[in-house]
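So the structure is just underneath, and the comments pick up after that.
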């Protein structure tokens with residue numbers, strides 16, 4: 001349970017970080033809070049030749065609102081966003097998700113973008129980003145690009161991040177007044193990985209339900225505004241359309257059942273918040 | 001700062017329990033191992049080494065954090081506190097530690113240093129913390145002896161004591 005050896009760079013500028021990452025090819029990794037990466041290093045599931053520590057780059061430590069979009073830089077710790085004064089007004093879904101997101105002790109160090117980069121299929125931040133229709137800004141030495149969250153997550157801990165690229169920021173759409181948001185989760189212990197987590201948005205376009213912990217990545221489904229007695233059929237279809245995993249924590253059947261029940265509760269709560 | 005080679009040890013300076021320290025560590029060394037093996041402070045315990053059990057919890061810049069999920073090089077310039085910083089003297093306990101003893105908040109004691117550091121951080125930041133806050137902080141720790149009830153009671157008693165001290169006329 002000790003990491004294999006690696007070179008370490010704590011750059012003073014973003015250019016320096018990106019150059020080092022480019023030169024390292026696929027063997028370089030960014031480290032920010034380390035709460036997802038260090039367990040991988042300890043278990044030697046990750047064996048990078050170089051770690052680039054970005055926590056001293058002040059330019060990445062920003063939470064900015066511009067128009068309808070809230071940008072969270074790669075250096076923002078989860079606890080910093082949790083304590084952000086506008087969180088419950090502008091990102092109510094995240095305010096509801098935070099109590100489920102790891103523990104106080106890991107949120108104090110872990111970053112928002114780090115969790116997105118790690119792309120665990122049961123993680124709350126990727127789920128919230130996908131459900132809200134957010135985006136990810138990627139940057140390499142040569143180019144910048146912005147991809148939708150839905151395109152960014154491509155599989156089990158797999159993302160669209162290319163060699164030499166890092167996440168510079170993630171973007172959440174700001175909550176619109178009159179929309180409803182809800183978040184529910186079932187896990188073995190509060191703060192552990194979710195067996196199933198659901199996030200829902202109810203607005204004038206209808207309902208969006210995001211589901212984590214079931215398929216190999218967070219999945220989102222758009223639904224028309226439904227009457228209460230129509231939820232069950234829609235959720236049953238969704239449950240069967242997901243490629244439910246079976247593992248030591250839960251059977252695929254149990255996960256589908258959680259999608260039906262937790263999904264219904266989450267959609268109802270979001271609809272109620274809207275009303 | 002130049003790239004630090006994997007094969008060598010590199011200096012890391014930080015504040016530990018109120019004193020400036022400089023230690024040598026390979027890049028791959030965890031903070032938990034730096035504290036225990038290089039500096040000799042074995043109060044920080046190591047359980048699972050992947051962030052689940054909470055035994056290695058210390059305070060970094062006032063916030064509880066897993067020493068096993070922190071590389072030694074990441075605390076450069078930070079303020080680190082370990083369980084050794086809690087007691088005011090060799091024969092004394094802090095109010096929180098004393099409450100743990102009074103309320104049987106520990107049996108084998110393996111998880112205790114981590115729990116103390118989490119609860120100490122909570123009570124410093126929010127002396128008015130109640131049962132729910134305490135349980136929320138405890139959810140990041142595993143204790144296989146006590147069943148947690150006595151730990152919650154100890155923390156509540158310490159919180160009350162601290163509150164009385166800070167507001168003597170209340």
Can you work out which of the residues in region B:71-120 that are touching a strand residue (DSSP E or B) at 6+ places or on another chain (Cβ under 7 Å) and in a loop (DSSP other than H, G, I, E, B) is nearest to residue B:157 (Cα to Cα)?
-> B:82
Can you work out which of the residues in region B:43-73 that are at the interface with chain A (Cβ under 10 Å from one of its Cβ atoms), surrounded by fewer than 24 Cβ atoms within 10 Å (Cβ to Cβ) and over 19 Å from residue B:21 (Cα atoms) is nearest to the chain's Cα centre (by Cα)?
-> B:63
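Taking the options A:128, A:88, name whichever one is surrounded by fewer than 20 Cβ atoms within 10 Å (Cβ to Cβ), assigned to a helix (DSSP H, G or I) and in contact with a helix residue (DSSP H, G or I) (Cβ under 8 Å, 6 or more places away or on another chain).
Exactly one residue qualifies, and that residue is A:88.
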Any chance residue B:147 is surrounded by 15 or more Cβ atoms within 10 Å (Cβ to Cβ), outside the structural domain of residue B:62 (by TED's automatic domain parsing) and under 29 Å from residue A:35 (Cβ atoms) | no
For region A:71-83, does any single residue satisfy the condition of being in a loop (DSSP other than H, G, I, E, B), within 22 Å of residue A:102 (Cβ to Cβ), more than 8 Å from chain B (Cβ to nearest Cβ) and out of contact with any helix residue (DSSP H, G or I) (no Cβ under 9 Å at 6 or more places or on another chain)?
-> yes
How many residues are crowded, with 18+ Cβ neighbours inside 10 Å and out of contact with any strand residue (DSSP E or B) (no Cβ under 9 Å at 6 or more places or on another chain) if we restrict to region B:31-42?
-> 1
Would you confirm whether any residue within region A:254-264 is part of a loop (DSSP other than H, G, I, E, B) and more than 19 Å from residue A:182 (Cβ to Cβ)?
-> no
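So that you can scan it fast, the table gives a plain yes or no per residue for (1) assigned to a loop (DSSP other than H, G, I, E, B); (2) within 29 Å of residue B:51 (Cα to Cα); (3) within 22 Å of the chain's Cα centre (by Cα):
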{"position": "A:192", "(1), (2), (3)": "yes, yes, yes"}
{"position": "A:209", "(1), (2), (3)": "no, no, yes"}
{"position": "A:215", "(1), (2), (3)": "yes, yes, yes"}
{"position": "A:246", "(1), (2), (3)": "yes, yes, yes"}
{"position": "A:268", "(1), (2), (3)": "no, no, no"}
Restrict the check to region A:30-42 and report whether at least one residue is touching a residue at least 60 places away in the same chain (Cβ under 8 Å), assigned to a strand (DSSP E or B) and more than 9 Å from every other protein chain (Cβ to nearest Cβ).
-> yes
Among the listed residues A:178, A:263, which satisfies the condition of being touching a residue at least 40 places away in the same chain (Cβ under 8 Å), in contact with a strand residue (DSSP E or B) (Cβ under 8 Å, 6 or more places away or on another chain) and either closer than 28 Å to residue A:138 by Cα or crowded, with 18+ Cβ neighbours inside 10 Å (or both)?
-> A:263
Out of contact with any helix residue (DSSP H, G or I) (no Cβ under 9 Å at 6 or more places or on another chain), farther than 15 Å from residue A:104 by Cβ and touching a residue at least 12 places away in the same chain (Cβ under 8 Å): does that describe residue B:68?
-> no
Would region B:19-42 turn up any residue that is within 22 Å of residue A:101 (Cα to Cα), at pLDDT 95 or above and part of a strand (DSSP E or B)?
-> no
Count, please, the residues in region A:1-50 that happen to be within 21 Å of residue A:142 (Cα to Cα) and out of contact with any helix residue (DSSP H, G or I) (no Cβ under 8 Å at 6 or more places or on another chain).
-> 15
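The values are calculated or read from the model by the stated rules, or taken from the named source; none is laboratory data. The structure presented is a predicted model; accordingly, all values stated were derived computationally and were not measured. Heads up, the Cβs are rebuilt from the backbone with ideal geometry, glycines too, and the neighbour counts pull from every protein chain shown.
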